[in-house]
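*Asks:* Mind having a look at this structure? Questions to follow.
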Amino acid sequence: MDSNEERLVKYLLGQMPDDEIEALSEKAFADDALYDEVLAAERELIDLYVNNDLNERDRRAFEERFLSDRRKERVEFAIALKTVAENARAAESSRREPKRWSLANLSAFWTWRPGSIAIAGAAVIAVIAAIAVWRSVNSQPDVNEGIAALAKAYSDERPAEVRITGLGYAPFSNQRGGAPRVNREYRDLAATLLLRAATSRPSAETRQALGKFYLTQRDFDQAIQEFEEALKSKPESAQLHADLGAALLEKQRAVSSGNNLEDLGGALEHLNKALDLDKSLAEALFNRALCYESLMLPEPAKRDWKSYLEIDRGSGWANEARSHLNNILEREKVSTGRVTGEDPSAAFLAAFQQGNVNAAWEALQKHQTSAGNQVVDRLLDRVIQSPHEQRSSAVAALSFAGNIAEQKSGDKLIGDLARFYGGSGKGAAPELGRARALVESARKLTVQSRLAEAETLCTGAREIFERAGDTVDSASTQYRIAQLQLRQANVRTGLSLFSQLSETCRERGYRTLLGSVLRSMADASDSLNQHSNALAYSREGLDLAREAGDVDGQISSLVQIALWYRSVAASRQALDSLKSALTLVAPDASADGVGANQLRLIYGVGAHCFACAGLYDAALDYQREALRLAIETDNPLLKSRAYVTMAAFYGKVKNYPLAIDNAKLAIEAAEPRANEPAGREMIAFASLKMGDLYRESGNNNEAITAYDRNIDFYDARNFPLYSFSAHKGKLLCDIDRNDDAAAQRELESALTVLEESRARIAEESNRNTFFDSEEDIYDLAAGFEFVRHGNPVKAFDYSEASRARSLLDLLDAGTRVVKDNPRADLRLSTPASPMTAADIQARLPRRAQVLQYAVLVDRLLIFVVSGSEINAQSQVISLDELNARVKAYSEAVSRPSGDDEAITRSSRELYELLIKPVKPFLDVHKYVCIVPDKILNYLPFAALISPESGHYLISDYEIGTAPSSSVFIRCCEAAALRGEKKNERLLCVGNPSVDRSVYPKLRELPSADVETAAVAGYYPVHRLLSGSAAREKPVATEMERSDVIHFATHYIPDERDPVHSRLLLAKSADTGTGAADSDGSLEAWEIYGRNLTRPRLVVLAACQTGIERFYRGEGAIGISRPFIAAGVPVVVTSLWAVDSEATAALMISFHAGRKVKARTTADALRQAQLEMINGTDSRFKRPYYWASFAATGGLTSF
């Protein structure tokens, strides 16, 4: 043993001063070579100890210091775990990706008590002994032993309410704060065994076992990831589906996760699948009942608890099931008692007698509905019906209500009623009573969908109120009349009445009624295709309801907003709004009419939101409840719509017999009102779904008949958006029937409606999601022209019309950022028109050609456009197959290690598919602008390999990308306007001092310091901002003053809301002012709002800056987009998480090429990539290191 080895042994045994131990520990983690030496010495020590080869002094030091010193336990146990993982990864690296857990992740498990290490000395001995055995015996670890240890660890108290397969019963305590009781030694032993098993022998079984461990630690995301990986190789495992469902359910139930309904819907899907595979799986049945309770579906929850108790009657689990069932039954008893006997005004009058303001206000809030307040209605009845001598006390109660409402919410409506009935209204009581009776009769007729009769009664009642001077009841009745106009499809008339009423409410301070009016105006605006107005009205109505404490109004507004988001296919936002509505519903919501109406509304809209997210199990369950409640109301409209929705969902799961039966029931429910507009509207609505179902089941003739009923009704009322889907359905039928003339007519009609509808959406995010949901009409058009008419030019035009339309709008009219804290959005004006093929050819730079793709459902169209000709080819491949092939390749090539032969094989196959068919049309002397489509946005085209030459595409062509040909032309023209400039001014931002309290896991970027310093050296005029100097304010200021901008920092994408994706910067020391430059980041919406008319090139040398998500119509959305929208001609972006060292080398070479060798941006990037491919560093030859980057935008001369 040499002197260095002796020194390391002394370090490990604690036989040197503490300060030297601390210094060596820090150095070991920073110095890879020393770290490897420490690992080797540690392994040798462990072997010596296990084999009893240590002398007495060293053995005592090993046991007393190496194992008992808590400061060294943490370090040494983590090193032991890392040794296991690294050795296993080395053995597996040729056939699987690196493990996703890290030392930092694992160490979090050992910090259950502040200031201490969770693992005990005895457990360390057991772990180290196990590691020694593993090193000497090359066999798969025993997963069962790990699960047994996990069960023992939580034998006193389980950490989650859900059941995890294979773990026995332990009580669950829903504590506020703190961790569950756990035997830490067994937990740590379980972790060691299960981590070792999953690392050394990855399989469905070991991954599932590790997922169970993560689930007990409440690391839900990691648990879900392990279960999902396990399901890939064992998709028919009932227990795996049950555990994944449990993880999703428990994640949703955790307070910190935000109660994500998407997770709840996913949990239900997997629990249903588990029970489909094994009907007797108790864990899945128990968890599904919990899931139904979280979804507020008591009926199916009750059914599942009863079913569970049939298979388990005496265990601890059974006792919990029985408790849950009893709770549901108790709520049902309360509900039945209230529905049959409660007077809505009783609680209020009791509070009035006691002078209890808060109790009275609670009673008023509870009985507020969109049609009025049930307590106030009862009080008015008492005022009108009471004998003269008793009327004053009834008016006093009404005045009390009015004073409270004005005091609590600023609403003056009830107070005005009290003043009228206590004054001039006294002598008109009989007439007022008759008017109120007419309103009540109208309400009953409305429930029966006898809308014209109801309107007549309301009109008569309003005339009486007006004559009596009762302006308050007159306004309330005008609201009912306007609602009836909407229900009878007289939308413009209804909207006009609501607009007048909204002004009245604002003037008089009738805030609650105004909220109801605004929600109705939102419905009317949406019907008239005024989508942005609709959303604005809904949000204002929500704000008013919150200010007034109007729970019913809040629920109605949130559900309305959810439905709006669903209409533009923004399922996450829709479910978020629905979740907010659910939190407001009382546990015993079905106990009264208000609660039942709230649930019916939530179930109905929630079904659509779940369906929008593709979660049809939850959608069907919600819709069954909505249908049950609709049938109870005996309202033809509600029943018809509920049947239509059931038909739609059964169609989605391809149960066409049940789907068509429900569509027929929908029409039957509406037929008694077929002579009224509302009845005909119901039939038209149901006919659309009937048409879809007949078409999908192969009956085109019946489908067209049904579609025509829908089109005739809505076209006669000038509601083209409502007939859009019918036109599209007819188009599909006509194509299937080979009726090209009819198909052409339907295509033109559908496209006109689509473009008009899109133009009316002002918010960029909503315009994108709407177009994303309907973009397939352009795919149909492109395929129709190419296949049926053999017209590639027209097919190209349709393809181009579906690309980057919002970005083109931003380029054409500029950007207006709308900030509605904390959310931001972009406000768009009049849409820009995409260029035709002829336009593009005329404006295409002579040195450029376009390679554009159109991904259709059943084929791939490839266009090559030059100034003189357009050539096109078709490749027959399904959308699903293309998605799978591109995704597999992109995921493999974006990793630093992997199966190089498989990657090369996939690369050649994709070249054969995407490049070879049009290679004869590509000029190697010209720049190739690649315009990808859909999944191709994720593909690194530069790394595709020619099977013939073995060359990468980047070796043969100078390439770049653009989101559309129209945007490419605009960027080329913007570049030309920038002109030549030798002395470019550079802004270089590198390795900012990121706020570690917000981003504790992000690594420092020392290579970025080297990169930015070297890059700045090529630009005589530059501003270098790094470390604490790289704050938002100076960065933003310099951006507008610079010609070239280079970012070498971290990028945090926000896939859910891309305008909030951010480039991380240094946080200002002055954070108390709330200044814009104090938050430590530059968000996308802030870039959209900058004046970037000077910059000619932006380099985003960070991770995944080119794409974080894509819309089918809009294309790639990333942090490069706001720069292009602001007019920057070309942006260098990345497709995946890049290696810092390799990126530094690539970027230094790139800028050297531009400034020293006077290359254009695209050529400089290409040559820098070729230098890596052909260089001496073998690591950097792999595409992972260089192929992520591409020049996006236009062709430049600089």
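Coordinate-derived values only; no laboratory data. Bear in mind the structure is a predicted one, so any value in this text is a computation, not a measurement. Every residue, glycine as well, gets a Cβ built from its backbone with ideal geometry; the counts of neighbours run over all protein chains shown.
*Asks:* What lysines sit close enough to LYS639 to cross-link, taking a C-alpha to C-alpha distance under 24 Å and skipping anything fewer than 8 places away on the same chain?
*Replies:* LYS444, LYS652, LYS654, LYS664, LYS689
*Asks:* Round to the nearest 0.05 the FRET efficiency obtained for ARG816 and GLU671 when R0 = 45 Å and r is the Cβ-Cβ distance.
*Replies:* 0.35
*Asks:* How many Lys pairs in the range 967-1193 lie less than 19 angstrom apart by Cα atoms, where the lysines are 8 or more positions apart or on different chains? Can you show the working numbers first?
*Replies:* Details: LYS981/LYS1155; LYS981/LYS1157; LYS982/LYS1155; LYS982/LYS1157; LYS1001/LYS1067; LYS1033/LYS1067.
Eligible lysine pairs with Cα atoms under 19 Å apart amount to 6.
*Asks:* Taking 60 Å as R0, compute the FRET efficiency from the Cβ-Cβ separation of THR752 and GLU44 and round it to 0.05.
*Replies:* 0.15
*Asks:* Let me ask something additional. Which value in Å is the Kirkwood Rh of the range 622-758 over different Cα pairs?
*Replies:* 15.2 Å
*Asks:* Right, here's the next one. In terms of the Cα gyration tensor, with a ≥ b ≥ c the square roots of its eigenvalues, is the range 967-1193 rounded because a/c is under 1.5, prolate because a/b exceeds b/c, or oblate?
*Replies:* Rounded.
*Asks:* Also, I was wondering about something else. Rounded if a/c is under 1.5, else prolate if a/b is larger than b/c, else oblate: which is the range 532-659, with a ≥ b ≥ c the root eigenvalues of its Cα gyration tensor? Display every interim value, and only then the final one.
*Replies:* Working: a/c = 2.04, a/b = 1.35, b/c = 1.51.
In terms of gyration-tensor shape, oblate.
*Asks:* Also: Once you put a point 7 Å from the Cα of ALA1137 and another 7 Å from the Cα of GLU20, both along the Cβ direction, what distance in nm separates them?
*Replies:* 3.9 nm
*Asks:* Run down the aspartates and glutamates and flag those whose C-alpha is under 18 Å from the C-alpha of LYS27, throwing out any fewer than 8 positions away in its chain.
*Replies:* In chain and number order, the partners are GLU5, GLU6, ASP18, ASP19, ASP36, GLU37, GLU42, GLU73, GLU76, GLU1004.
*Asks:* Put a dot 7 Å past each Cα toward the Cβ at ARG181 and ASP839; how far apart are the dots in nm?
*Replies:* 7.3 nm
*Asks:* Measuring from a point 7 Å past the Cα of GLU453 along Cα-to-C-beta, which residues in the range 663-696 have an amide N at less than 20 Å?
*Replies:* 668-683
*Asks:* Sort VAL855, VAL787, VAL605 so that the residue with the fewest other Cβ atoms within 10 Å of its own Cβ comes first and the one with the most comes last.
*Replies:* Ascending Cβ contact count within 10 Å gives the list VAL787, VAL855, VAL605.
*Asks:* Starting from 0.36 nm per residue, how many nanometres of slack lie between GLU157 and GLU228 once their C-alpha separation is accounted for?
*Replies:* 22.9 nm
*Asks:* Further question: For the range 610-678, report the translational diffusion coefficient in µm²/s to the nearest whole number, using Stokes-Einstein at 25 °C, 0.890 mPa s, and a Kirkwood Rh over Cα pairs.
*Replies:* 201 µm²/s
*Asks:* Right, another one. Run the numbers on the chain and let me know its relative contact order in percent, using alpha-carbon pairs under 8 Å that are six or more apart.
*Replies:* 6 percent
*Asks:* I've got another one for you. Provide the packing ranking of 703-709, 1125-1131, 1002-1008, 1188-1194, i.e. peptides ordered by the mean count of other C-beta atoms within 10 Å per residue, highest first.
*Replies:* Highest-to-lowest ranking by the protection proxy: 1188-1194, 1125-1131, 703-709, 1002-1008.
*Asks:* Which order results if LYS279, LYS212, LYS639, LYS10 are arranged by neighbouring Cβ count within 10 Å, fewest first?
*Replies:* Fewest-to-most ranking of LYS279, LYS212, LYS639, LYS10: LYS279, LYS10, LYS639, LYS212.
*Asks:* PRE reach from ALA254 (point 7 Å along Cα→Cβ): which of the range 275-309 fall under 20 Å by backbone N?
*Replies:* Flagged as within label range: 287-288, 290-292, 294-295.
*Asks:* Based on Cβ point charges of +1 for Lys and Arg and -1 for Asp and Glu, what charge dipole magnitude is obtained for the chain about its Cα centre, in debye rounded to the nearest 20?
*Replies:* The dipole magnitude comes to about 1480 debye.
*Asks:* For PHE172 and HIS925, FRET efficiency with R0 = 51 Å and r from the beta-carbon atoms, rounded to 0.05?
*Replies:* For R0 = 51 Å, the calculated efficiency reads 0.10.
*Asks:* Relative to the present Cα-Cα distance, how much length would full extension add between ASN4 and GLU145 at 0.36 nm per residue of separation?
*Replies:* Numbers: separation 141, 0.36 × 141 = 50.76 nm, distance 3.91 nm.
Here the segment from ASN4 to GLU145 would lengthen by 46.9 nm.
*Asks:* In whole angstrom, note down how far apart the Cα centers of the range 762-804 and the range 240-255 are.
*Replies:* Between the Cα centres of the range 762-804 and the range 240-255 lies a distance of 39 Å.
*Asks:* Taking the Cα atoms only, what angle lies between the long axis of helix 636-652 and the longest principal axis of the chain, rounded to 10 degrees?
*Replies:* The angle comes out at about 20 degrees.
*Asks:* Based only on the alpha carbon positions, what is the Kirkwood hydrodynamic radius of the chain, in angstrom?
*Replies:* 34.2 Å
*Asks:* May I pose another question? How far is helix 374-385 tilted off the main Cα axis of the chain, in degrees rounded to 10, range 0 to 90?
*Replies:* Approximately 10 degrees, to the nearest 10.
*Asks:* Determine the distance separating the Cα centre of the range 658-675 from the Cα centre of the range 1134-1148; give it in Å without decimals.
*Replies:* 61 Å
*Asks:* A further question on this structure: Let me check the size of the range 656-703 from its C-alpha atoms; what are the radius of gyration and Dmax in Å?
*Replies:* Over the range 656-703's Cα set, Rg and Dmax evaluate to 11.0, 32 Å.
*Asks:* Helix 879-893 versus the longest principal axis of the chain: what is the Cα-based angle in degrees, 0 to 90, to the nearest 10?
*Replies:* With rounding to tens, the tilt is 40 degrees.
*Asks:* Report the convex hull volume per residue for the range 693-842, counting only C-alpha atoms, in Å³.
*Replies:* 128 Å³
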